[in-house]
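So the structure is just underneath, and the comments pick up after that.
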Amino acid sequence: MLKVSVDKINDLFRAIAATQKLYLPVDTNAGAQYREWSEGVTMSQALNTNRSAKDFFFPQTENLAEFKMEGKKIEVKPQVNEYEDYVVFGVRACDAASFAILDRVFLSEPVDTFYAHRREHGTIITLACNRPAETCFCTTFGVDPAVPGGDVSAWQKGEELYLEAQTEKGEKLLQAVAGALSQAESEDIEPVKAAIRVMMEKLPLAKLSLKGIEDQKMLDLFYSDKWNALSESCLGCGTCTFVCPTCQCYDVRDFDTGNGIQRFRCWDSCMYSDFTKMAHGNIRNSQMERFRQRFMHKLVYFPENNEGIYSCVGCGRCLAKCPIHMNIVKVIKTMGGTENE
């Protein structure tokens, strides 16, 4: 266990940035967003960034290949990226938990090499949530904000920031910046962990439970008449999917550059009417069907195929960002979720 004074945290940032790029949450006019650290940049105190840290591994847009055509000859140039090592500081426990979900999608055979290379070069420093928000419900999905995970976990106690390596990659990073840190005892942060867990128990969604959904059969949930009322006010705007740390839907498109064809992929949303649209049309023609698909995937389909792991980490972004205040918590409660006594 190591520590650094909060008023000397720039010394730590400086030491990290001397060896590789460092990204951390920064306040902007559009809210907290990850930005590269440089002298004078101040870390945001916001609980969550507008968009999650999944952008580092699965960016909103990325080039895949380029095609050049001369007559009947087609030259294919795969996109070859030489990724640099980088560190992401201040990732919350919910976002860190989302990486394990994304790993199951992108690192399963056939491995997505673009995702895998970014994952390999990135080192995650998490930060425990000293002040969780009323929209937080990560504990419903087994996430402990007092033990945030990542390659290095960090806790703030008063004017001290404590850091502890969780992986070999984390050990290597802390060794490289040891000059900016001093020794500490693990017992020093136990009161911080206890305080976080007490706060979590007092939040409005602390007793949200999935047992009622788990006890129902898949087809009973699928054919429930409750979906109509739940989806009635949905705008199909896709905001929930774009701020979600676990959504992984994307489209692959070709763009004529005037000097060839650039193939790229970009985020897509199952809430859009043209999502997975084929020559014969769309397999989900109504907003109700698209709405149902999104939440059935997160709460039923994904855990059915992944040892009971849900495709939600309770970060609360969809609660905060949905323009009509429809979110996964309302779905859980309506479809049979219960509150623990």
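We did not get these values from a lab; they are worked out from the coordinates using the rules stated. Just so you know, these numbers come straight off a predicted model, no measurement behind them. Using ideal geometry, Cβ is built from the backbone for each residue, glycine included, and neighbour counts are taken over all protein chains shown.
Under 5 Å from the amide H of THR123 lie the amide H atoms of TYR86, VAL87, VAL88, each residue being 5 or more positions distant or on a separate chain, with H modelled from the backbone and absent for Pro and chain starts.
Here GLU82 and GLN287 are evaluated by their C-beta separation; at R0 = 41 Å the FRET efficiency comes out at 0.40. In this simple spin-label model, placing a label point 7 Å from the Cα along the Cα-to-Cβ direction at both ASP11 and LEU219 gives a separation of 6.6 nm. Measuring nothing but how far apart in sequence close Cα pairs (under 8 Å, 6+ apart) lie, relative to its length, segment 2-204 scores a relative contact order of 24 percent.
Packing, as the average of other Cβ atoms within 10 Å across residues, places the peptides 74-86, 94-106 in the order 94-106, 74-86, highest first. Here the Karplus curve 6.51 cos²θ - 1.76 cosθ + 1.60, taken at θ = phi - 60°, turns the phi angles of segment 20-33 into couplings of 6, 5, 10, 10, 8, x, 10, 6, 10, 5, 9, x, 6, 9 Hz, with x standing for Gly and Pro. Note on segment 2-68 and segment 226-286: Cα centroid distance 27 Å, given to the nearest whole angstrom.
Relative contact order for the chain: 21 percent, from Cα pairs under 8 Å spaced at least 6 residues apart, divided by residue count. Other residues lying with their Cβ under 13 Å from the Cβ of GLU84 contribute a combined charge of -2, Lys and Arg counting +1, Asp and Glu -1. Once the Cβ-Cβ distance of VAL111 and GLU159 is raised to the sixth power relative to R0 = 30 Å, the FRET efficiency obtained is 0.10. Ranked by the mean number of other Cβ atoms within 10 Å of their residues, highest first, the peptides 222-234, 324-336, 150-162 come out as 150-162, 324-336, 222-234. Helical runs (DSSP H, four residues minimum) scored at -39500 (n - 2.57) apiece and divided by the length of the chain put the mean residue ellipticity at 222 nm at -7500 deg cm²/dmol.
Sorted on the mean count of surrounding Cβ atoms within 10 Å across their residues, most packed first, peptides 293-303, 166-176, 309-319 read 309-319, 293-303, 166-176.
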